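Below is one structure, written out as structure tokens, with a few remarks after it.
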Amino acid sequence: MKRFFTLALLVCTALLALSGCKDGGGEKIDYNLVFVNDSDAKIVAVAAEFQDQNMGSQNANSSPLKRGESFGFEAGEYPVTVYAFDRPVYDVSDGALAELTIQSPPPEGERWYVIARDGAGGLELTVDTRWPEGV
């Protein structure tokens with residue numbers, strides 16, 4: 001009985017800790033800049049080019065992001081340019097599906113959400129301080 005109680009307590013503690021890590025969209029968010037896919041476009045890689053550092057992210061198997069999936073980045077010095085690619089890339093000069101430059105950091109205590117949406121001319125990136133509704 002004591003073993004069962006200890007195990008149940010550990011499981012409850014773990015669930016409580018994990019529930020505090022979720023954002024409204026269900027993704028674990030611990031980042032200053034979050035790329036969110038709200039499109040049907042084939043987005044395989046995302047890169048963030050800050051003044052002091054460059055970062056990139058893609059799924060381990062190079063599969064495209066599904067609608068509602070996201071990548072997070074720890075912010076560097078602004079401005080930052082965010083790029084979305086339809087294939088794995090190792091250099092941002094390879095030609096992106098879309099790109100967006102953000103000139104300044106988000107307001108204190110906030111984060112930027114870069115949102116990919118289908119547009120009339122192809123993939124469009126927008127920025128907001130809130131997780132997109134419906135995603």
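Using only the Cα atoms of the range 79-135, build the gyration tensor, take square roots of its eigenvalues as a ≥ b ≥ c, and label the shape rounded, prolate or oblate: rounded if a/c is under 1.5, else prolate if a/b is larger than b/c, else oblate.
Verdict is oblate for the range 79-135.
Within a Cβ distance under 12 Å of residue 118, other residues only, what is the Lys/Arg minus Asp/Glu net charge?
Summing Lys and Arg as +1 and Asp and Glu as -1 gives 0.
Once the whole set of protein chains is in place, how much accessible area is left on residue 113, using a 1.4 Å probe, in Å² to the nearest 10?
Looks like 10 Å² after rounding.
Would you work out what percent of the accessible area of the range 83-135, with all protein chains in place, is carbon or sulfur (probe 1.4 Å)?
Looking at the range 83-135 in its full context, I get 45 percent from C and S.
Under the 0.36 nm per residue contour assumption, what length would be gained going from the current alpha-carbon distance of residue 59 and residue 133 to full extension?
Taking 0.36 nm per residue and subtracting the Cα distance, the gain is 24.3 nm.
The values are calculated or read from the model by the stated rules, or taken from the named source; none is laboratory data. Since this is a predicted model, take the numbers as computed values, not measurements. Methodologically, a virtual Cβ is constructed for each residue, glycine included, from the backbone with ideal geometry; neighbour enumeration extends over all protein chains shown. Ligands, DNA and RNA are stripped out before the accessible areas are found, and what is left, the full protein with its side chains, is counted by its heavy atoms. Shrake-Rupley method; radii C 1.70, N 1.55, O 1.52, S 1.80 Å.
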